[in-house]
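One structure coming up, written as structure tokens, with questions to follow.
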Amino acid sequence: MSDTRFGRQELLFGEAGQKLIRETSVAIVGVGGIGTQVIQSLVFLGVHHFILIEPGKVKKSSQNRYIGMRHSDPVGTLKLDIAERLIRGVDPEAQVQRIEGWFPSPEAIAALQTVDVVFGCVDKEGARLKLNEECVRLGKRFIDSATEIHIKEDGGIQSYGGRVFVRWTEQVGCLVCCDVIDLREAGEDLASAEETANRGGIYGVQQNENGSGPSVVSLNAVVAGMAATEFLVGMTGIRSPNRLTIYRAERGIVSLSRDEPAQDCLVCG
Ligand SMILES: [Zn+2]
């Protein structure tokens with residue numbers, strides 16, 4: 001075996017698989033704790049064409065989990081700058097298109113049309129719902145990642161972990177009919193975004209800067225790793241991606257959902 005950049009992984013999926021990965025274009029919607037982990041895995045796998053969609057800037061509290069963030073990066077650095085540096089550190093020739101804005105802006109939706117696979121890495125259900133709708137409408141392969149940490153009212157830990165949902169073919173259904181999105185919370189997010197727009201603010205689904213929940217790097221790593229793995233098995237044809245993979249960290253297990261999507265989905269039916 002020659003000592004080449006991708007030699008060790010070509011032992012798994014071959015040079016033909018490696019070529020498919022290189023030729024695939026991806027959009028990462030949300031470049032945060034999960035998004036930077038997904039980006040890191042994809043660039044090491046050999047993905048070469050990236051569109052990054054994210055308006056935010058790092059805070060002091062980003063330092064516990066943003067892959068690629070350095071101690072010397074000042075608060076207020078664009079998350080896009082950190083992600084692009086992360087990509088170029090591994091692949092200086094990578095194609096990186098940056099969209100500095102909230103999803104769903106018209107520019108972001110137009111960009112989704114140009115890629116092969118969309119990675120959802122947002123932390124608000126409103127943005128997730130909109131992204132699900134656009135991926136269904138545009139017929140895009142969609143890999144959505146989320147971590148979930150539930151703290152009880154008395155401060156005790158209820159559960160922690162995450163999940164990856166993959167819509168690789170139309171038969172899979174979507175986040176709505178597979179019941180993996182909190183529609184009540186999504187509605188609240190969208191209503192508050194609408195209110196902001198009505199006050200002359202930025203159009204789109206904004207993150208709540210103050211209402212951020214718990215977030216831990218190692219949970220993000222597992223979920224992002226599952227997402228990147230479903231991508232690579234799907235792209236290289238090793239197997240079909242699984243619809244819903246669930247990580248229950250409090251029990252230390254990863255399992256597959258066997259639930260079938262509900263009939264007559266309003267989004268994808
Ligand atoms: Zn559906």
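Pairs under 6 Å by beta carbon, first residue without any contact (Cβ under 8 Å) to a residue 60 or more places away in the chain and of a type in the set (A, V, I, L, M) in the stretch 251-267, partner within 16 Å of the ligand (Cβ to nearest atom) and outside any strand (DSSP E or B), six or more apart or different chains?
Listed pairs, sorted by first residue: none to list.
With without any contact (Cβ under 8 Å) to a residue 40 or more places away in the chain and buried (at least 17 other Cβ atoms within 10 Å of the Cβ) as the only criterion, which of Val43, Val58 stands out?
So the residue among Val43, Val58 that is without any contact (Cβ under 8 Å) to a residue 40 or more places away in the chain and buried (at least 17 other Cβ atoms within 10 Å of the Cβ) is Val58.
A further question follows. Quick one: count up the residues across the stretch 218-269 that are outside any loop (DSSP other than H, G, I, E, B) and either more than 16 Å from the ligand (Cβ to nearest atom) or among the charged types (D, E, K, R) (or both).
Going through the stretch 218-269 one residue at a time, the tally reaches 27.
Using the structure shown, decide if Phe103 is within 16 Å of the ligand (Cβ to nearest atom) and either more than 21 Å from Ala228 (Cα to Cα) or surrounded by 22 or more Cβ atoms within 10 Å (Cβ to Cβ) (or both).
Taking the combined requirement at face value, the residue does not satisfy it.
Looking at the stretch 65-85 only, could you name the residues that are within 11 Å of Gln40 (Cα to Cα) and in contact with a helix residue (DSSP H, G or I) (Cβ under 6 Å, 6 or more places away or on another chain)?
Scanning the stretch 65-85 gives Tyr66, Ile67, Gly68, Ala83.
Just the residues that are of a type in the set (D, E, K, R) and modelled with pLDDT under 95, please, taken from the stretch 1-47.
The one that is of a type in the set (D, E, K, R) and modelled with pLDDT under 95: Asp3.
The values are calculated or read from the model by the stated rules, or taken from the named source; none is laboratory data. No experiment lies behind these values; they were computed from the predicted model shown. So basically every Cβ, Gly included, is an ideal-geometry build from the backbone, and we count neighbours across all protein chains shown.
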